[in-house]
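Here the structure comes first, spelled out in structure tokens, and everything after it is commentary.
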Amino acid sequence: MLSEHPSAKITINICGILTEMLYEHSGRDIIALIKELSTNGRIEFVDSAKYHAILPLIPQEEMRRQIEQNHKTNKFFFGDAYKPIGFFPPEMCYSDKLAVLLTNMGYSWILVSGIACQDEWPLDVIYNTRFGIKIFYRDDILSNKISFHNIDSSGFISELVNLSKGKDNIYVITAMDAETFGHHIHNWEKLFLAEVYEKIEGINVQRYNHLRQRVDLVAAHRNITEAVKDVEVEVVTISELLDKMPIKDSRPPRPSSWSTSKEDLARKNYYPLWKDPENPIHLLQWEHIKLCLDIVKEASRRDDNEVSKHYYDIARALLDRAIHSCQFWWANKNRGMWDINLINKGLILQEEVVLNAYKSIALSNSSEDIKSKFYYKVVASRDITNKIRDMLFK
């Protein structure tokens, strides 16, 4: 679809683990086409977390590791075409500590949910925070209309026109899962995206012809003083907006996700689908992850022999995967997202983390007190996993 529409541009996030899976499972043609479109300026990459972790909920060193691994992986597969200056946090989960880290890592901007905005809605200005990173806000209303099949291409263009009334130049950002187009909604890449691009091309051709007629008219009647306001729609990547819109200081976004409601914000439940204080499974899951992090961190200090280091390396690699977001998303029984096997898969990964991390400690030259202390953490982790699994039977 992108190849067939010369005016089409998008900004994409592709997590490093997905890039690897495409390469391993007959998707190398997709990687090649994405690379080609990026080289031609049609696709802009953003960075993210390689294993789709909810970044505000993990320690800063883990946040940095996920981001660095994502960049390294995608750089390997996309080469010089991969040069992101923007950042897409998984599930648009934002926190100030993430903004500080991204600024320190050299990123120029981050995309967050519209519900996070604490200032006047930015239609014709780009907000800059005290952290030094610029903020782009997703139009949640329009994006959700697209995501849930509640608008067609004509309706979308009409929404853009209505938003532009009274302003010379505005921008609107929509963002959604890529699988919206063709997987969640069959043929939506043709019935919506392609039609939007075609209508935009048609609008701009009509405007060009109209302007040409106006030039002829003005040449013949120089006393005309009032210009006719015409609508022009331009498709750009997000970073291209930096050269098109003024920048203004603002308050930082609220901590939030693209699934956070006003009611959630009022209850300070910022990441409701991944760490809801009223969801007992979430609380146990994060308690277990904390134990995993503690045991791996201790194992990282025990590189006094090769065998111990071998098991630590295994634990460390498994931990990167074990903090993925899906296990929490599918643990929302009251919200209708419930899959005991995906919850259990997360637990299995974490159990393997604990197994290898403690094996590293046990084989190290650590004192018996240290080995005993962390064995108790192993026992505690078993208790938590059993409690979670018992809840899966209900």
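If Tyr23 passes every condition in (1) within 30 Å of Pro277 (Cβ to Cβ); (2) out of contact with any Cys (no Cβ under 8 Å at 6 or more places or on another chain) but one, which one does it miss?
Only one criterion in (1) within 30 Å of Pro277 (Cβ to Cβ); (2) out of contact with any Cys (no Cβ under 8 Å at 6 or more places or on another chain) is unmet by Tyr23, namely (1).
So which residues in region 123-132 are outside any strand (DSSP E or B) and in contact (Cβ under 8 Å) with a residue 40 or more places away in the chain, if there are any at all?
To start, the set of residues in region 123-132 that are outside any strand (DSSP E or B) comprises 123-125, 129-132.
Hits for region 123-132 are Leu123, Asp124, Val125, Thr129, Arg130, Phe131.
Pull up region 81-105, narrow it to residues that are closer than 19 Å to Asn40 by Cα and in contact (Cβ under 8 Å) with a residue 40 or more places away in the chain, then point me to the one that is surrounded by the most Cβ atoms within 10 Å (Cβ to Cβ).
Going through the qualifying residues, I end up with Gly86.
Which residue pairs have Cβ atoms closer than 6 Å, lie 6 or more positions apart in sequence or on different chains, and pair a first residue in region 313-328 that is among the acidic types (Asp, Glu) with a second residue that is at pLDDT 95 or above?
Going by the 6 Å Cβ cut-off, the qualifying pairs are Asp320/Tyr51.
Exactly one of these conditions fails for Val112: (1) under 23 Å from Ile17 (Cβ atoms); (2) of a type outside the set (S, T, N, Q); (3) in contact with an Asp or Glu (Cβ under 7 Å, 6 or more places away or on another chain). Give me its number.
(3)
Take the residues in region 164-188 that are touching a residue at least 40 places away in the same chain (Cβ under 8 Å) and within 16 Å of Val235 (Cα to Cα), then tell me which one is surrounded by the fewest Cβ atoms within 10 Å (Cβ to Cβ).
Asn169
Among all residue pairs at least 6 apart or on different chains, which show Cβ distances below 7 Å where the first residue, located in region 61-76, is touching a residue at least 24 places away in the same chain (Cβ under 8 Å) and of a type in the set (Val, Ile, Thr) and the second is surrounded by fewer than 19 Cβ atoms within 10 Å (Cβ to Cβ) and part of a helix (DSSP H, G or I)?
That search, which allows pairs on different chains as well, returns Thr73/Glu20.
Given (1) under 16 Å from the mean Cα position of the chain (by Cα); (2) surrounded by 19 or more Cβ atoms within 10 Å (Cβ to Cβ), identify the lone condition not met by Arg42.
Result: Arg42 passes all but (1).
Among the residues of region 154-165, is there at least one that is in the same structural domain as Val233 (by TED's automatic domain parsing) and either in a loop (DSSP other than H, G, I, E, B) or under 15 Å from the mean Cα position of the chain (by Cα) (or both)?
yes
Hey, can you tell me all the residues within region 296-332 that are more than 28 Å from Ser257 (Cα to Cα) and hydrophobic (A, V, I, L, M, F, W, C)?
Val296, Ala299, Val307, Ile314, Ala315
For Asp369, state whether it is modelled with pLDDT of 95 or more, closer than 23 Å to Asn279 by Cβ and over 32 Å from the mean Cα position of the chain (by Cα).
Details: modelled with pLDDT of 95 or more: yes; closer than 23 Å to Asn279 by Cβ: no; over 32 Å from the mean Cα position of the chain (by Cα): yes.
The answer is no for Asp369.
So in region 201-243, with the set limited to residues that are modelled with pLDDT of 90 or more and part of a helix (DSSP H, G or I), which one is surrounded by the fewest Cβ atoms within 10 Å (Cβ to Cβ)?
So, considering only residues that are modelled with pLDDT of 90 or more and part of a helix (DSSP H, G or I), the one surrounded by the fewest Cβ atoms within 10 Å (Cβ to Cβ) is Asp243.
Taking the conditions exactly as written (out of contact with any helix residue (DSSP H, G or I) (no Cβ under 9 Å at 6 or more places or on another chain) and either at pLDDT 95 or above or within 23 Å of Asp339 (Cβ to Cβ) (or both)), does Lys262 satisfy them or not?
In short, no.
Look through region 27-54, keep the residues that are among the charged types (D, E, K, R) and out of contact with any strand residue (DSSP E or B) (no Cβ under 6 Å at 6 or more places or on another chain), and return whichever of them is nearest to Ala175 (Cα to Cα). Let's see the steps before the verdict.
Restricting attention to region 27-54, the residues satisfying the condition of being among the charged types (D, E, K, R) are 28-29, 35-36, 42, 44, 47, 50.
Right, trim to out of contact with any strand residue (DSSP E or B) (no Cβ under 6 Å at 6 or more places or on another chain) and you get 28-29, 35-36, 42, 50.
Working: Arg28: 25, Asp29: 25, Lys35: 21, Glu36: 22, Arg42: 16, Lys50: 19 Å.
Only one residue fits best here, namely Arg42.
Are any of the residues in region 294-302 modelled with pLDDT under 95, surrounded by 17 or more Cβ atoms within 10 Å (Cβ to Cβ) and more than 30 Å from Ala175 (Cα to Cα)?
Yes: one or more hits.
Any residue in region 106-117 that's surrounded by fewer than 20 Cβ atoms within 10 Å (Cβ to Cβ): show its pairings with residues that are assigned to a loop (DSSP other than H, G, I, E, B) at Cβ separation under 6 Å, as long as the two are six or more apart or on different chains.
Ser108/Ile85
The values are calculated or read from the model by the stated rules, or taken from the named source; none is laboratory data. Since this is a predicted model, take the numbers as computed values, not measurements. All Cβ positions, even for glycine, are placed from backbone atoms using ideal geometry, and neighbour counts span all protein chains on display.
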